Structures are given as C-alpha cells and as structure tokens.
Amino acid sequence: MPSLLEIRGLTRRFGGLTAVNAVDLHVGEGELLSVIGPNGAGKTTLFNLVTGLDRPDAGQVLFEGQDITGLPAQQLAQRGLARTFQHGRVFANLSVLDNVLVGAHTRLRAVKPRVGGVPGLGALAELALALIQPSAVRREEQKLRDEAREIIALFGERLTPRTDHPAYSLSYANRRRVEIARALALKPRLLLLDEPTAGMNESETAEMLEIIRSLKLRGQTILLIEHKLDLVMQLSDRVAVLDDGRKIAEGLPDEVRNDPAVIEAYLGHRHVGQTQVQTQTQAEAVPA
C-alpha cells in the first residue's frame with residue numbers, strides 16, 4: 001500500500017544518550033502500525049519528532065511524500081496529523097464538548113478571513129467575526145458542534161451523558177477518551193495514539209480496543225504506541241519494535257511475537273537465567 005508517513009534514518013540525541021537511533025518506518029494509507037518496546041526504548045521521543053514537538057539531529061519525516069521534518073505542531077495539524085499523549089492532556093475547566101471542539105480549530109474557515117499580509121489584521125478580523133457572528137460563522141459553528149457530538153457518541157455512555165460536564169470532574173479513563181475524541185475532531189489523515197489504555201483496567205481496556213478497532217474499520221490510519229501486547233496483537237496490521245532507540249524488528253504480529261531479538265529485549269537472557277537460578281535455589285531450600 002502507498003506510504004502516508006515515511007520515516008528515514010530519524011535520530012535524536014540528548015547529550016551522550018541516543019534516544020532514537022537511525023529509525024526507518026513507514027505507515028500505509030488505512031494501516032494500523034504499532035510501535036512497541038521496553039520502557040525507555042524511544043517510542044514517545046519518536047512520536048515527538050514526528051509531530052513537531054522536538055527536532056531530530058538527523059533523518060527525515062515525509063508525509064504524503066512531502067518533507068515535514070521539524071515543522072511546528074500547528075502546521076502538522078493543518079496537514080492532518082493528530083496525536084494523543086502518554087500522560088493525558090485536557091482543558092480541565094472546559095466541558096467535554098468544548099474540549100472536543102478545540103480539536104477542530106484547524107478546520108475553521110468562516111471565522112478566518114483573508115486580509116493580506118498586514119501584521120495583526122487577521123487576528124483583529126477574526127475577533128470581530130467571532131463577536132459579530134454573521135450567518136456563515138454561526139452555520140460553521142453549528143456544523144462543528146454536531147460533528148463533535150457524533151464523535152462523543154462513539155464513546156457511548158462513558159462520555160455522552162457527560163457532554164456538558166467540565167473535564168476536571170471526569171475519571172482518569174474518561175479524560176483519556178476525551179483526548180482521543182479531541183484528536184478525532186481534527187478529522188486526521190494520521191492518528192497517533194500514545195498508550196491510549198495507560199492506567200485503564202481490564203474492562204476499560206477492552207472498550208478502548210473496540211473503539212480503536214472501529215476507527216480502523218472506518219479506514220483511519222493509526223500509529224499506535226502501546227504496552228499491552230494482547231491489544232497490540234489483536235489490532236495491528238504490522239508491529240515495529242524499538243529497543244535502546246534502535247528498531248530491532250518489524251513485521252506481522254505473529255512474526256514479531258516470536259522474534260528472538262524481541263523476546264530478549266523484553267526479558268533478556270540474563271534475566272531469564274537469574275530467574276531460573278532463583279527458582280532452583282528456592283526449591284533446594286524447601287525441607288523434604
């Protein structure tokens with residue numbers, strides 16, 4: 001399938017630590033690619049490089065064949081990249097609906113007139129239109145509100161009854177759901193999810209799995225970071241594995257699951273040997 005996102009030799013160093021080391025990846029249109037690896041493998045740093053929160057020391061990020069390396073997050077959002085964060089981020093004092101509407105800001109047209117290159121004039125014109133609210137602005141706002149309510153409905157009884165509740169009143173899991181709903185309001189070409197089930201219990205994780213599955217069935221292209229390997233194996237078209245900043249494996253879920261390099265990265269021969277020794281020692285210490 002044609003690549004929507006292509007990462008070439010992406011590298012990021014922090015002093016003597018190479019957090020992302022010459023990583024190559026591609027994500028096809030409509031594909032769900034999961035990036036897994038032990039803690040500290042460089043997964044979130046990779047996301048930050050792709051989404052403009054950090055700049056690489058080397059390498060390229062291509063989106064629809066165009067170089068987007070180091071572009072600011074605002075420009076990437078306008079191109080159709082949306083992400084969530086490992087530690088959820090919502091606007092605590094805004095309602096669920098208003099949090100989701102924030103995600104649609106790059107799609108506003110009626111309230112952003114073209115006024116030439118005069119510094120500050122665009123902001124003043126936008127403020128005036130927001131205050132006066134001509135019919136075009138009102139229609140656009142209503143359309144976005146209707147779409148936001150449809151997105152909230154994807155999360156069923158978890159969010160729909162709480163549409164007008166402030167985000168600070170929500171449970172941790174529901175805040176994570178709001179963050180995903182906000183990303184969907186962008187109508188992204190590529191959705192990047194950074195550990196969407198972090199902190200969720202088994203039933204909440206199962207619900208999130210079904211939501212992500214439904215997005216995939218609708219054709220949404222997804223780049224996913226996730227520690228819960230059962231979820232990864234059920235959802236992914238392909239899986240890439242990072243360890244110490246390097247990509248050590250990539251392929252179909254079953255191939256990656258059984259890759260010796262992946263098993264070693266998660267367990268380690270030394271770790272396995274120590275466990276076997278400890279178990280044997282304990283058994284010998286038990287009185288006959």
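Values quoted throughout were computed directly from the atomic coordinates according to the rules given, and no laboratory measurement underlies them. Computed from a predicted model, the values in this text were never measured in an experiment. Methodologically, a virtual Cβ is constructed for each residue, glycine included, from the backbone with ideal geometry; neighbour enumeration extends over all protein chains shown.
Numbers for the structure displayed
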{"item": "Lysine pair number, Cα distance threshold 23 Å (strictly under), the stretch 3-257, separation 8 or more or different chains", "result": "9"}
{"item": "Loop-located trypsin sites (Lys or Arg not before Pro) in the stretch 32-100 whose Cβ has at most 15 other Cβ within 10 Å (DSSP)", "result": "89"}
{"item": "Overall Cα dimensions of the stretch 126-245 - principal axes, largest extent first, Å", "result": "54, 29, 29"}
{"item": "Bins of 10 Å, starting at 0 and running to the largest distance - Cα pair percent for the chain", "result": "6, 24, 30, 22, 11, 4, 2, 1, 0"}
{"item": "Relative packing of peptides 151-158, 98-105 - highest average C-beta neighbours within 10 Å first", "result": "98-105, 151-158"}
{"item": "Cα shape, the stretch 1-78, gyration tensor, a/c 1.5 rule", "result": "oblate"}
{"item": "Antiparallel bridge percentage (DSSP; both residues within the chain; nearest 5)", "result": "55 percent"}
{"item": "Ellipticity estimate at 222 nm from DSSP helix runs (n ≥ 4, -39,500 (n - 2.57)) divided over the chain, nearest 500", "result": "-12500 deg cm²/dmol"}
